[in-house]
Amino acid sequence: MRRTIGVFAAALFLVHLTTDNHYDYFRDELYFIDCAHHLDWGYVDFAPLTIWILRAIEILFGDSLHAIRLLPALAAAIKVILTALIAIEFDADGFGIAIACLCVVAAPVYLVVDHQFGANAFEPLFWMGIAYLLIRTIRFDSPQLLAGCGLLAGLGIENKITMLFFLATIVAGCVMSPARGLLLTRWTALAILLAVICFLPTLLWQYHRDWPTLQMFENVRRLHKNADLSGADFIWRQAMMLNVGSAAVWIAGLWFLLREARWRAFGYAYLVLLAILIAVGAKDYYLAPIHPLLFAAGGASLSRYFLGGGAGWTKYALSFVTVAGGLVAAPLALPLLSPAELIRYQAMLRINQPRNQTGQEGPLPEHFGDEFGWREMAATTARVYHGLPPDERGHAAILTKNYGEAGAIDFFGPPLGLPPAISGHQNYWLWGPRGYAGDVIIALQFSRDELLRMGCASIEDGPTVAHPYAMAEEHFRLEICRGIRPALAAQWPSLKRWY
């Protein structure tokens with residue numbers, strides 16, 4: 001069985017390694033690399049752990065696509081192994097373990113998040129690490145393992161704040177099940193203490209800056225930035241993201257967890273988490289990190305079904321539909337095709353990729369579209385910058401409307417002779433106008449009306465950037481603003497865009 005698990009994990013790892021540079025850097029990766037040059041205990045729109053990891057990778061291996069995407073590929077393999085270990089704890093047989101691993105390998109949502117560097121790739125490891133230790137705690141009456149849960153919880157919060165949702169629902173699941181006694185042990189108190197110690201520096205960072213992450217969440221809600229999904233839409237998207245062919249496995253897993261008294265805490269936790277995410281209007285993939293648990297439980301449930309005389313042919317049917325669904329979805333999740341071929345493939349399947357945010361338009365799915373156009377945008381900006389008179393060039397600022405453009409300028413710009421960008425978006429606002437007065441501004445993605453409202457004395461049209469495969473919002477005309485009044489430093493508070 002170890003060999004089978006190893007084959008699944010190694011195959012997935014190699015798939016990611018061989019496809020990680022087929023397109024280009026993702027928008028968020030460029031932003032994260034910039035943030036890694038501004039190490040801190042907190043950030044406006046994400047927790048700090050992944051940024052510290054990225055800085056270490058950059059120091060040790062550089063910032064090539066192969067370098068920064070190595071750990072997400074490794075995380076994909078570890079996720080398979082954790083799924084198998086949990087299935088073993090649920091007493092799954094060889095087939096049950098294999099089908100659970102296959103479901104994780106063939107899930108489009110995991111292929112997407114493990115293709116790029118970011119907290120989403122590591123999040124399931126923290127969730128499933130806690131689930132594995134808690135399962136062993138229950139199975140072997142070993143409450144001392146809860147200390148490990150606390151450490152993983154603290155690090156998990158530092159990886160992504162949504163860990164708090166998972167922890168809250170696990171507690172709720174324990175309260176509603178026979179596992180409630182675990183909450184009253186001294187080991188639970190120790191676990192809470194360890195989690196708080198890990199998270200305390202970031203909590204203090206948030207407090208001293210008036211809770212910027214909460215401000216951002218409120219702005220996202222107020223502006224309806226995320227796509228509004230009904231409960232039915234949210235659940236249907238789970239089936240699509242996880243591979244429709246594997247739905248029978250994770251549904252069987254949920255039934256297994258709810259039916260077995262000692263594992264009921266996990267079944268309740270899943271249902272509570274599902275309800276919370278629907279209620280708060282969360283993005284559909286926020287539920288994805290818990291599904292390896294359901295796949296593992298589904299493997300155990302199927303093991304019992306076949307042991308009890310269930311029709312043997314269903315083994316082959318389940319395997320076939322899972323593999324088939326994964327193969328059909330793979331080109332939509334990984335850069336296996338050229339962009340032109342992918343557009344034709346989508347048209348052939350008559351699939352419109354669902355959007356998690358309003359305004360996400362483009363010929364490619366957003367996770368691919370945001371890997372195009374950044375180099376070209378930086379090159380166009382460089383032509384404008386070097387075309388300025390020498391007396392203007394030395395104090396010309398490059399002002400971008402969002403972090404993607406700022407990250408691209410800061411990453412691709414130095415070899416082109418560009419200065420660092422400034423922006424009011426997310427963490428760039430905290431870094432300020434970098435001493436620029438605003439006498440000359442090369443503005444990216446700003447309309448003339450917006451620049452006039454900022455007080456530009458004159459505006460000169462520049463060239464247009466419009467990569468054919470980039471997202472629609474990255475098709476815009478560069479503008480050259482001169483004589484802004486009041487100066488940038490005075491206007492900076494009004495330029496803050498935390499959403």
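Miscellaneous remarks
- Beta bridge orientation in the chain: antiparallel %, DSSP, nearest 5: 60
- Tensor-based shape of segment 374-495 (alpha-carbon gyration tensor, a/c under 1.5 rounded, otherwise prolate or oblate): rounded
- Cα-based helix-to-principal-axis angle, 212-222 vs the chain, degrees rounded to 10: 90
- Dipole of the chain, positive direction: furthest Cα of A340, H291, T162, with charges on the beta-carbon: H291
- With both labels modelled 7 Å from their Cα along Cα-to-Cβ, the W313 to S64 distance reads 5.2 nm.
- Rg over Rh, two decimals, segment 355-438 (C-alpha only, Kirkwood Rh): 1.02
- Here segment 1-149 is treated with +1 on each Lys and Arg Cβ and -1 on each Asp and Glu Cβ, and its dipole about the Cα centre works out to around 500 debye.
- Over all other residues within a Cβ to Cβ distance under 11 Å of W41, the charged ones net out to -1, with Lys and Arg as +1 and Asp and Glu as -1.
- Aspartates and glutamates whose Cα lies under 14 Å from that of K79, excluding same-chain neighbours fewer than 8 positions away: D114, E123
- Cα-based reach from K225 at 27 Å (exclusive), listing lysines while leaving out same-chain residues under 8 positions away: K160, K283, K401, K496
- Each 5 Å bin from zero up to the one holding the largest Cα-Cα distance in segment 445-494 carries the following percent of pairs: 5, 20, 24, 20, 15, 10, 6, 1.
- Mean shadow area of segment 1-125 over all directions, Cα convex hull, nm²: 8.2
- Estimated from the Cβ-Cβ distance and a Förster radius of 51 angstrom, the FRET efficiency linking R259 and H37 is about 0.50.
- Over the chain, relative contact order from alpha-carbon pairs under 8 Å, at least 6 apart, %: 18
- Inter-site label distance for A379 and Y207 at 7 Å from Cα along Cβ, in nm: 5.1
- Extension gain, A437 to A232, is 68.7 nm, computed as 0.36 nm per intervening residue step minus the present C-alpha separation.
- Annotation for segment 49-75 versus segment 166-215: alpha-carbon center distance of 28 Å.
- For the pair segment 105-161 / segment 245-286, the C-alpha centres are spaced 16 Å from each other.
- Anisotropy class of segment 236-376 from Cα gyration tensor, a/c 1.5 cut: oblate
- Sites A168 and R497, calculated FRET efficiency, Cβ-Cβ separation with R0 30 Å, nearest 0.05: 0.50
- By average C-beta atoms within 10 angstrom, highest first, the peptides 282-288, 386-392, 101-107: 101-107, 282-288, 386-392
- Global form of segment 1-53, assessed from the alpha-carbon gyration tensor, a/c cut-off 1.5: oblate
- Mean ellipticity per residue at 222 nm, deg cm²/dmol - from DSSP H runs of n ≥ 4 across the chain, formula -39500 (n - 2.57): -18500 deg cm²/dmol
- Over all other residues within a Cβ to Cβ distance under 14 Å of Y132, the charged ones net out to +2, with Lys and Arg as +1 and Asp and Glu as -1.
- Using a cutoff of 8 angstrom between alpha carbon atoms and counting only pairs six or more residues apart, the relative contact order for segment 374-495 works out to 26 percent.
Laboratory data are not the source of any read-out in this text; all were calculated from the coordinates shown. Keep in mind the model is a prediction, meaning the values are calculated, not measured. Quick reminder, even Gly has a Cβ in these numbers, built from the backbone with ideal geometry, and neighbours come from all protein chains shown.
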